[in-house]
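Any read-out appearing in this document is the output of simple, stated calculations on the displayed coordinates, not a laboratory observation. None of the values given here were measured: they were computed from a predicted structure. Reconstructed Cβ throughout: ideal geometry from the backbone, glycine too, with neighbour counts over all protein chains shown.
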Amino acid sequence: MADKFPKTKVQIIRALADKTGLTQAQVASVVEQLAALAYAGAKEKGGFPVPGLGKVSMIQRKARTGFNPKTQEKIQIPAKTVVKFRLSKTAKDAILGK
């Protein structure tokens, strides 16, 4: 691998296969199943925790008043459902070096 850290799905799967001794097909299957679990789990109350990384959850945003920065005109922003990913304290500490 030319880069120090993998950037694409294929590179991530290769790196995980090299480190775990599993085949690339097995690692790809695990990654796909983890993603499928996260998609389904995000819809549940409390979200879906990804161990060591964080939590995927779905939240409801309230309607609010915003403004167009170009014209300064007030606009109404409708309520909507969004997906959020919150990093765990462990991940933040590992990345920030605390």
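Below are the figures for this structure:
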{"read-out": "Global geometry of segment 16-61, whether rounded, prolate or oblate, following the gyration tensor of its Cα atoms and the 1.5 cut on a/c", "value": "prolate"}
{"read-out": "Helix-only [θ]222 nm of the chain, DSSP H runs n ≥ 4, -39500 (n - 2.57) each, per residue, nearest 500", "value": "-12500 deg cm²/dmol"}
{"read-out": "Convex hull projection area averaged over all views, segment 1-42, Cα basis, nm²", "value": "3.2 nm²"}
{"read-out": "Hits among lysines - C-alpha to C-alpha of K98 under 28 Å, sequence gap 8 or more where chains match", "value": "K4, K7, K19, K55, K84, K89"}
{"read-out": "Segment 46-98: proportion of alpha-carbon pairs further apart than 17 angstrom, %", "value": "57 percent"}
{"read-out": "Highest-fluctuation residue, K55, K74, K43 considered, GNM on the chain with Cα pairs under 10 Å", "value": "K74"}
{"read-out": "Part-to-part distance (alpha-carbon centres) for segment 19-43 and segment 47-82, which is given in Å", "value": "28 Å"}
{"read-out": "Overall Cα dimensions of the chain, principal axis frame, Å, largest first", "value": "58, 32, 29"}
{"read-out": "GNM flexibility winner over the chain from I12, I75, I59 (Cα, springs under 10 Å)", "value": "I75"}
{"read-out": "Separation in nanometres of the label points that stand 7 Å from Cα toward Cβ, at Q26 and L53", "value": "2.1 nm"}
{"read-out": "Those lysines that a straight Cα-Cα span of less than 25 Å connects to K74, excepting residues fewer than 8 apart in one chain", "value": "K62"}
